[in-house]
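**Student:** One structure coming up, written as structure tokens, with questions to follow.
The values are calculated or read from the model by the stated rules, or taken from the named source; none is laboratory data. Everything quoted here is computed from the prediction, not taken from an experiment. All Cβ positions, glycine included, derive from the backbone under ideal geometry; neighbour counts span all protein chains shown. Only protein heavy atoms, including side chains, enter the accessible area calculation; ligands, DNA and RNA are left aside. Shrake-Rupley method; radii C 1.70, N 1.55, O 1.52, S 1.80 Å.
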Amino acid sequence: MRSLRQFRRIRTRSPWPEVGIESRYPLDYPRSDVCAGVRQKGSLQLLRYRKDVDGLRAWAVLPVLAFHAGVPGFAGGFVGVDVFFVSSGYLITGILLRDIDKGGFSIVHFLERRARRIIPALYVVLLACLVAGWFLLLPDALENLGQSTFATVLSANNVLLLLTSGYWDISTELKPLLHTWSLGVEEQFYLIFPWVLLAVHKRGWTGWVLGGALIASLALAEWTMSRSPQTAFFMLHTRAFELLAGAMLAYAESRRGDLGAAGLRPGTRGFLAILGLAMIAASVVLFDASTRLPGVRSLVPGVGTMLVIAFASETMPAARLLCHRAVVGVGLISYSLYLWHQPLLAFLRLTSAEHPTLAMSLGALALAFPLAYLSWRFVARPFRQSGGWTRAQVFAFTIIGGAGLAGAGLAMDRAGGFPGRVPEFSQAVNSDGQLMRRKEYGNRVYSYLDAPFTDDAKPNVVVLGNSYARDIGNCIIETGYLADYEFSYHQISWKDEISCKGSVDAIREKTRRALAEADVAIFVLGAFETECWAEDVALYRKLGAKRIIVVGLKNFGWNPNALLAQRGESRRNFRPKVVESIRAQNELDRARVVDAEGIELLGMLVDSDQRVPLLTPDGKLISEDGTHLTAPGARYIGELLFEHPALRD
């Protein structure tokens, strides 16, 4: 047994480890140089620092980084978060059991430890994102970043992502704070879990309650995945089973000691540990976006993580794989690395006119490593040391800093992303003189939704389609070209609402009546299945449509936000390339759409290099998201559109 002097020397030369997503070590617990070893019975022996667990975090974070960067072979890299959840539940529960068993549990001390380990690096990354966003993001994207910052400070970005997901939402790959959803899940769990554990542990119900809650959460995840996959992915009740799996392992070890030594030969323990690593690796390689997660399939990486934690010991191959100096080093900075990687990748994409190459994405990830180390070395560690900041200072910084960041995010949201920052952006104004946001402007055409034709002296125009059709409606309103017509908009949200029906009776009554009364029916592609176009036209003519005009797709590049990365003349003449899938669909539609007058919008805009203007001749932004029109864009496109022979007469 080591002497007290030897014990102190270990403490002196061993810095505290950084968290993954998250490891929590009490401030008064020593770090040793042991890779992995026997855990003795009793929760007080459960918490010796283990290099293999830090190594496991490296195995978790690196696939996440590779997945987000689009590295081939890492289609299931997102399961790294599942590994984090299990290891987090194991480590946190061990700490809680230790404190409860010795009668020293304090919720204030628990919250202090979490604040010391989570807050500093997180606040630095949030501040960096807000500053970068101010200079590099269009109003809608900055507004979204502000919302995400506010929600992240409140540990609720998972809820925000669920509530805002949908048609008008920004692409996830362009969200700098997308990854903080997992922090939200963990923090929500740990706001509840300590109280529950404290209540049941004293009564001897711990195993039953943890096991029952785990099974219930897993069942909920499977049930929710079949009804609302996004809810299952983001919400606590469908993710809790992964944290509880780690908690069950910690509880078992606190009562039975080292599970690996429970009558198992070293060869068997080594095999189980390697099997655990293989299960994690197989999930990374074989899972992809179509895999139903979370749910039963989550048990593959989850159980794999439990096997590694339970059965890896110092002399075994699995532990040697995990305890390599470089692997442990990545594990030490894994939390900071996780925080930095997504903003770097997102801002790279946001400033690129076309999809970044793999080499560019890997370059962004390479930058994440020094940033993560600097954050760990000069931000996280000083804040974490018990001899530095006092408890009162920690809580004051958490509250005041969080209020400042949340306030800045809220201001960005309320101001609509501060459009005045961008000279090229001109915001629409409603009839009351109030500024309109992108979605609100696109939806103002709803005031003409299913409008009946009442003036027999005016010819009638009906526009049919989804938000692309509402853009054409805004072109009509902005230009006033059809002021002498009655205008009615009919929403077609899904292709099967009006296309490929085969029967007049299958089309809703209001639309049938509008087509029968309309002098001109304008179908805006994007909501129609053009492979059925020939039979559809016959059906519309049978309903009484006199003139049928088809307006094709439009596109203003993959990422209009790249405009802000341009300077001088290149900014004024910026012409993004049409997204290839849109160009190909437009070609297909052009060949299929027959027996109707057609207007090919892309053909009116695109040059020989397949590039389109992003700014009007007077320098105003045409589209903020690459597909829908701003008010200047609607005026510009409307003037082109209504000069087309099909609409000029």
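**Student:** From the list Leu405, Leu362, Leu358, pick out the single residue that is within 24 Å of the chain's Cα centre (by Cα), in contact (Cβ under 8 Å) with a residue 40 or more places away in the chain, over 17 Å from Tyr338 (Cα atoms) and open to solvent by 40 Å² or more (accessible area, probe 1.4 Å).
**Tutor:** Selected residue: Leu358, the only one of Leu405, Leu362, Leu358 that is within 24 Å of the chain's Cα centre (by Cα), in contact (Cβ under 8 Å) with a residue 40 or more places away in the chain, over 17 Å from Tyr338 (Cα atoms) and open to solvent by 40 Å² or more (accessible area, probe 1.4 Å).
**Student:** Further question on the same structure: Limited to the stretch 189-244, what total is found for residues that are under 24 Å from Leu178 (Cβ atoms), of a type outside the set (A, V, I, L, M, F, W, C) and open to solvent by less than 20 Å² (accessible area, probe 1.4 Å)?
**Tutor:** Of the residues in the stretch 189-244, 6 are under 24 Å from Leu178 (Cβ atoms), of a type outside the set (A, V, I, L, M, F, W, C) and open to solvent by less than 20 Å² (accessible area, probe 1.4 Å).
**Student:** Follow-up question, since we're still on this one. Anything in the stretch 341-357 that is touching a helix residue (DSSP H, G or I) at 6+ places or on another chain (Cβ under 7 Å) and either of a type outside the set (S, T, N, Q) or on the phi > 0 side of the Ramachandran plot (or both)? List them, or say none.
**Tutor:** Passing the criteria: His341, Pro343, Leu344, Leu345, Ala346, Phe347, Leu348, Arg349, Leu350, Ala353, Pro356.
**Student:** Can I ask one more? Only residues in the stretch 114-131 that are under 23 Å from Leu91 (Cβ atoms) and touching a residue at least 60 places away in the same chain (Cβ under 8 Å) count as the first member; pair them with residues that are surrounded by 20 or more Cβ atoms within 10 Å (Cβ to Cβ) and of a type in the set (Asp, Glu), Cβ under 7 angstrom, at least 6 apart or cross-chain, and list the lot.
**Tutor:** Final answer for the pair search is Arg117/Glu22; Ile118/Glu22.
**Student:** Is it fair to say Ser493 is within 30 Å of Pro419 (Cβ to Cβ), open to solvent by 30 Å² or more (accessible area, probe 1.4 Å), part of a loop (DSSP other than H, G, I, E, B) and not basic (Lys, Arg)?
**Tutor:** Yes; evaluated as a whole, the condition is true for this residue.
**Student:** Since Lys546 meets every condition but one in (1) at pLDDT 80 or above; (2) in contact with a Leu (Cβ under 9 Å, 6 or more places away or on another chain), which condition does it not meet?
**Tutor:** (2)
**Student:** Identify the single condition in (1) without any contact (Cβ under 8 Å) to a residue 60 or more places away in the chain; (2) more than 34 Å from the chain's Cα centre (by Cα); (3) more than 27 Å from Thr530 (Cα to Cα) that Thr479 does not satisfy, given that it satisfies every other one.
**Tutor:** Unmet for Thr479, out of (1) without any contact (Cβ under 8 Å) to a residue 60 or more places away in the chain; (2) more than 34 Å from the chain's Cα centre (by Cα); (3) more than 27 Å from Thr530 (Cα to Cα): (1).
**Student:** Of all residues in the stretch 282-301, count the ones that are under 12 Å from Gly80 (Cα atoms) and either crowded, with 24+ Cβ neighbours inside 10 Å or free of Cβ contacts under 8 Å to residues at least 12 places away in the same chain (or both).
**Tutor:** Qualifying residue count for the region: 4.
**Student:** List pairs: first in the stretch 551-570 and on the phi < 0 side of the Ramachandran plot, second polar (S, T, N, Q) and part of a helix (DSSP H, G or I), Cβ under 8 Å, 6+ apart or cross-chain?
**Tutor:** Once the first residue is on the phi < 0 side of the Ramachandran plot and sits in the stretch 551-570, its partners that are polar (S, T, N, Q) and part of a helix (DSSP H, G or I) give Gly552/Asn586; Leu553/Gln585; Leu553/Asn586.
**Student:** For Leu641, work out the one condition from (1) within 37 Å of the chain's Cα centre (by Cα); (2) open to solvent by 20 Å² or more (accessible area, probe 1.4 Å); (3) of a type outside the set (S, T, N, Q); (4) under 21 Å from Ala469 (Cβ atoms) it doesn't fulfil.
**Tutor:** Among (1) within 37 Å of the chain's Cα centre (by Cα); (2) open to solvent by 20 Å² or more (accessible area, probe 1.4 Å); (3) of a type outside the set (S, T, N, Q); (4) under 21 Å from Ala469 (Cβ atoms), Leu641 violates only (2).
**Student:** Quick one: in the stretch 596-613, of everything that is open to solvent by less than 50 Å² (accessible area, probe 1.4 Å), among the hydrophobic types (A, V, I, L, M, F, W, C) and modelled with pLDDT under 95, which residue is nearest to Ile548 (Cα to Cα)?
**Tutor:** Ranking the candidates gives Ala596 first.
**Student:** Examine the stretch 577-589 for a residue that is closer than 20 Å to Gln491 by Cα, charged (D, E, K, R), out of contact with any Phe, Trp or Tyr (no Cβ under 7 Å at 6 or more places or on another chain) and open to solvent by 70 Å² or more (accessible area, probe 1.4 Å), and state whether such a residue exists.
**Tutor:** Looking for residues that are closer than 20 Å to Gln491 by Cα, charged (D, E, K, R), out of contact with any Phe, Trp or Tyr (no Cβ under 7 Å at 6 or more places or on another chain) and open to solvent by 70 Å² or more (accessible area, probe 1.4 Å), one finds none in the stretch 577-589, hence no.
**Student:** Continuing with the same structure: I'd like to check something: does the stretch 442-449 contain any residue that is closer than 30 Å to Asn573 by Cβ, surrounded by 19 or more Cβ atoms within 10 Å (Cβ to Cβ) and either modelled with pLDDT under 90 or in contact with a Gly (Cβ under 7 Å, 6 or more places away or on another chain) (or both)?
**Tutor:** So far as the stretch 442-449 goes, yes, one or more of its residues are closer than 30 Å to Asn573 by Cβ, surrounded by 19 or more Cβ atoms within 10 Å (Cβ to Cβ) and either modelled with pLDDT under 90 or in contact with a Gly (Cβ under 7 Å, 6 or more places away or on another chain) (or both).
**Student:** Report yes if Leu154 is hydrophobic (A, V, I, L, M, F, W, C), modelled with pLDDT of 95 or more and within 30 Å of Ser467 (Cβ to Cβ), otherwise no.
**Tutor:** No: the conditions fail for Leu154.
**Student:** Would the stretch 310-322 turn up any residue that is in contact (Cβ under 8 Å) with a residue 24 or more places away in the chain and within 30 Å of Gly146 (Cβ to Cβ)?
**Tutor:** Checking the stretch 310-322: not a single residue is in contact (Cβ under 8 Å) with a residue 24 or more places away in the chain and within 30 Å of Gly146 (Cβ to Cβ).
**Student:** If Ala346 meets every condition in (1) within 30 Å of Ser228 (Cβ to Cβ); (2) in contact (Cβ under 8 Å) with a residue 24 or more places away in the chain; (3) open to solvent by 30 Å² or more (accessible area, probe 1.4 Å) apart from one, which number is that one?
**Tutor:** (3)
**Student:** Can you tell me how many residues within the stretch 80-124 are of a type in the set (Lys, Arg), under 24 Å from Asn157 (Cα atoms) and touching a Leu at 6+ places or on another chain (Cβ under 9 Å)?
**Tutor:** Selection size over the stretch 80-124: 2.
**Student:** Just checking, how many residues over the stretch 110-140 are over 30 Å from Leu96 (Cβ atoms), assigned to a helix (DSSP H, G or I) and either modelled with pLDDT of 95 or more or open to solvent by 20 Å² or more (accessible area, probe 1.4 Å) (or both)?
**Tutor:** Residues flagged as over 30 Å from Leu96 (Cβ atoms), assigned to a helix (DSSP H, G or I) and either modelled with pLDDT of 95 or more or open to solvent by 20 Å² or more (accessible area, probe 1.4 Å) (or both) within the stretch 110-140 amount to 11.
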